[in-house]
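Trainee: Shown below is the structure under consideration.
The values are calculated or read from the model by the stated rules, or taken from the named source; none is laboratory data. Since this is a predicted model, take the numbers as computed values, not measurements. For neighbour counting, all protein chains shown are included, and Cβ atoms are generated from backbone atoms with ideal geometry for every residue, glycine included.
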Amino acid sequence: MKTIEIPRNEWVPRLNEFTKMYDGWLVSLDVLGPDIGAQPSIANLPLIGVSADRSTRDRTIYISVARSRAGHFTHIIPGVSHVYLTHVHDGADAAVEIVSQDGVRTILRCRAPALSKIA
């Protein structure tokens, strides 16, 4: 595995690429912080998208997942200081780690959606 940091000026295009590649994949999201410990926030829901605020002043990242056909949930991470992508040996993005200025880490992991059976 290889982890790389995404420079701030590349957050928008790189997260857009990540979204295109993993749209509909099942994701899990954990939040880890000194005051809260490890908190699972999302478990095996289809990814809608990961996006960064285009403003240079507001370092907010949004992670949206589908809860149902009609509803979705968006996890908002304000005050982001670092974004990392973890690659597996074949170069695919396996996870995104987002670190906020207060030291809280948000880790989004992807796994391929199950193939549906054809009757």
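Trainee: I'd like to know if segment 72-82 contains one or more residues that are under 22 Å from Ala112 (Cβ atoms) and within 12 Å of the chain's Cα centre (by Cα).
Mentor: Yes: one or more hits.
Trainee: Of the numbered conditions (1) surrounded by fewer than 12 Cβ atoms within 10 Å (Cβ to Cβ); (2) more than 13 Å from the chain's Cα centre (by Cα); (3) modelled with pLDDT of 90 or more, Ser55 satisfies every one except a single condition; which is it?
Mentor: (3)
Trainee: What are the residues in segment 62-112 that are out of contact with any Lys or Arg (no Cβ under 9 Å at 6 or more places or on another chain), over 28 Å from Asp35 (Cα atoms) and small (Gly, Ala, Ser), if any?
Mentor: Ala66, Ser68, Ala70, Gly71, Ala92, Ala112
Trainee: Another question, if that's okay. If you scan segment 31-45, which residues turn out to be surrounded by fewer than 17 Cβ atoms within 10 Å (Cβ to Cβ) and over 27 Å from Asn9 (Cβ atoms)?
Mentor: The answer is Pro34, Asp35, Ile36, Gly37, Ala38, Gln39, Pro40, Ser41, Ala43, Asn44.
Trainee: A further question follows. Could you run through segment 26-43 and say how many residues are modelled with pLDDT under 90 and either touching a Lys or Arg at 6+ places or on another chain (Cβ under 8 Å) or part of a loop (DSSP other than H, G, I, E, B) (or both)?
Mentor: Of the residues in that region, 4 qualify.
Trainee: Also, quick follow-up: Residue check: is Ser51 among the small types (Gly, Ala, Ser), under 18 Å from Thr74 (Cβ atoms) and without any contact (Cβ under 8 Å) to a residue 12 or more places away in the chain?
Mentor: No.
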